[in-house]
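The values are calculated or read from the model by the stated rules, or taken from the named source; none is laboratory data. Remember, predicted model here, so these are calculated numbers, not experimental data. Don't worry about glycine lacking a Cβ; one is built from the backbone with ideal geometry, like all the others, and counts go over all protein chains shown. Just the protein is used for accessible areas: all its heavy atoms, side chains included, with ligands, DNA and RNA removed. Shrake-Rupley method; radii C 1.70, N 1.55, O 1.52, S 1.80 Å.
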Amino acid sequence: MTSLQQQARALGDPTRYNIFRYVVDAVRPVGVAELTEHFALNHNAIRQHLNKLVEAELINEQTARSKTRGRPRLEYRVDPATESRWGVTGPYERLSLLLSEIVRSGDTPLEVGRRAGRRETSDPEADAVAELIAQMAVHGFEPTTCREGSAVEITLTRCPFVSTAMADPETVCSLHLGIARGIAETLGGLVVDELVRHDPRVAGCRLRCHLPKEAATGA
């Protein structure tokens with residue numbers, strides 16, 4: 001586990017801090033070429049700064065989805081566990097905003113989660129399964145997937161809200177099911193049927209989904 005001191009050191013360099021803030025403010029994944037152009041630095045300099053931020057667990061590195069051949073492009077986005085002290089909306093802040101919306105609106109956790117999922121879909125043209133996995137990763141669930149025919153099962157290998165989920169699993173799990181359904185509904189081509197709960201201390205909750213007939217057959 002990276003210490004706060006390590007993260008503070010990583011952000012102590014002004015250029016590196018500005019790169020971090022750019023990634024935070026972008027909301028979507030950011031590539032090296034975009035950062036190179038924006039900061040007028042060479043490729044290697046940007047990569048070195050990004051590597052330091054990845055090592056400090058402030059941002060995550062991922063391979064961009066591509067429909068073309070060639071070397072896969074790397075993208076960067078804020079680590080979902082990054083704390084609010086660094087000027088981002090941390091995981092428990094995100095949860096508190098959703099809980100506040102439940103109280104304020106009087107709507108169910110499922111409906112509030114669904115609205116949040118609709119707002120958070122970053123690429124409406126993306127493959128529905130891949131985008132749902134990507135968005136659950138953004139929330140810190142570290143998802144894995146298994147697909148057999150039209151059935152898709154996404155295992156959430158980490159619960160980012162262990163203590164709250166232990167105290168009120170009905171609310172927290174309903175929020176997460178709603179988020180998944182909102183994402184899937186915005187994209188189309190995937191239906192989220194249910195969330196099979198596990199003890200949040202060991203995680204492993206499963207989103208059971210299915211592809212409609214036309215999506216499964218590529219019609």
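Six or more apart or on different chains, Cβ atoms under 6 Å: show the pairs whose first residue is in region 100-112 and among the charged types (D, E, K, R) and whose second is surrounded by 14 or more Cβ atoms within 10 Å (Cβ to Cβ).
Glu101/Val112
Among the residues in region 175-188, are any assigned to a loop (DSSP other than H, G, I, E, B) and in contact (Cβ under 8 Å) with a residue 60 or more places away in the chain?
Pass one, region 175-188, residues assigned to a loop (DSSP other than H, G, I, E, B): 188.
Subsequent filtering for residues that are in contact (Cβ under 8 Å) with a residue 60 or more places away in the chain retains 188.
Looking through region 175-188, at least one residue is assigned to a loop (DSSP other than H, G, I, E, B) and in contact (Cβ under 8 Å) with a residue 60 or more places away in the chain.
When region 18-59 is examined, which residues are found to be touching a His at 6+ places or on another chain (Cβ under 8 Å) and open to solvent by less than 50 Å² (accessible area, probe 1.4 Å)?
Ile19, Val32, Thr36
Could you tell me which numbered condition Glu142 fails, if it satisfies all but one of (1) of a type in the set (D, E, K, R); (2) open to solvent by 50 Å² or more (accessible area, probe 1.4 Å); (3) farther than 19 Å from Cys205 by Cβ?
Among (1) of a type in the set (D, E, K, R); (2) open to solvent by 50 Å² or more (accessible area, probe 1.4 Å); (3) farther than 19 Å from Cys205 by Cβ, the lone unmet condition for Glu142 is (3).
Could you grab me the full set of residues in region 200-219 that are part of a loop (DSSP other than H, G, I, E, B) and either of a type in the set (Ser, Thr, Tyr) or in contact with a strand residue (DSSP E or B) (Cβ under 9 Å, 6 or more places away or on another chain) (or both)? Let's see the steps before the verdict.
The initial filter retains those residues of region 200-219 that are part of a loop (DSSP other than H, G, I, E, B), namely 200-204, 211-212, 217-219.
Once the filter is applied, which keeps residues that are part of a loop (DSSP other than H, G, I, E, B) and either of a type in the set (Ser, Thr, Tyr) or in contact with a strand residue (DSSP E or B) (Cβ under 9 Å, 6 or more places away or on another chain) (or both), region 200-219 yields Ala203, Gly204, Leu211, Pro212, Thr217.
Taking Val192 as meeting all but one of (1) in a helix (DSSP H, G or I); (2) in contact (Cβ under 8 Å) with a residue 12 or more places away in the chain, write down the number of the exception.
(1)
For Leu132, work out the one condition from (1) of a type in the set (A, V, I, L, M); (2) at pLDDT below 90; (3) touching a Cys at 6+ places or on another chain (Cβ under 6 Å) it doesn't fulfil.
Answer for Leu132: the failing condition is (3).
Results for (1) open to solvent by less than 10 Å² (accessible area, probe 1.4 Å); (2) in contact with a Lys or Arg (Cβ under 7 Å, 6 or more places away or on another chain), shown as yes or no for each residue.
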| site | (1), (2) |
| --- | --- |
| Met136 | yes, no |
| Gly149 | no, no |
| Ala165 | yes, no |
| Pro169 | no, yes |
| Leu175 | yes, no |
| Gly182 | yes, yes |
| Thr186 | no, yes |
| Asp193 | no, yes |
| Leu211 | no, no |
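When you scan region 117-166, how many residues do you find that are more than 15 Å from Leu187 (Cβ to Cβ) and not β-branched (Val, Ile, Thr)?
Residues flagged as more than 15 Å from Leu187 (Cβ to Cβ) and not β-branched (Val, Ile, Thr) within region 117-166 amount to 21.
Inside region 195-219, can you point out the residues that are hydrophobic (A, V, I, L, M, F, W, C) and at pLDDT below 90? Break it down into steps so the answer makes sense when it comes.
If we filter region 195-219 for residues that are hydrophobic (A, V, I, L, M, F, W, C), which is where we start, we get 195-196, 202-203, 205, 207, 209, 211, 215-216, 219.
Within region 195-219, Val202, Ala203, Ala215, Ala216, Ala219 qualify.
Could you list all residues from region 111-134 that are open to solvent by less than 50 Å² (accessible area, probe 1.4 Å) and in a helix (DSSP H, G or I)? Spell out how you get there, then give the answer.
Step one: filter region 111-134 for residues open to solvent by less than 50 Å² (accessible area, probe 1.4 Å), giving 112-114, 116-117, 121, 126, 128-134.
Correct list: Val112, Gly113, Arg114, Ala116, Gly117, Ala128, Val129, Ala130, Glu131, Leu132, Ile133, Ala134.
Can you name every residue in region 142-174 that is touching a residue at least 24 places away in the same chain (Cβ under 8 Å) and assigned to a helix (DSSP H, G or I)?
Matches in region 142-174: Val162, Thr164, Ala165, Met166, Pro169, Glu170, Thr171, Val172, Cys173, Ser174.
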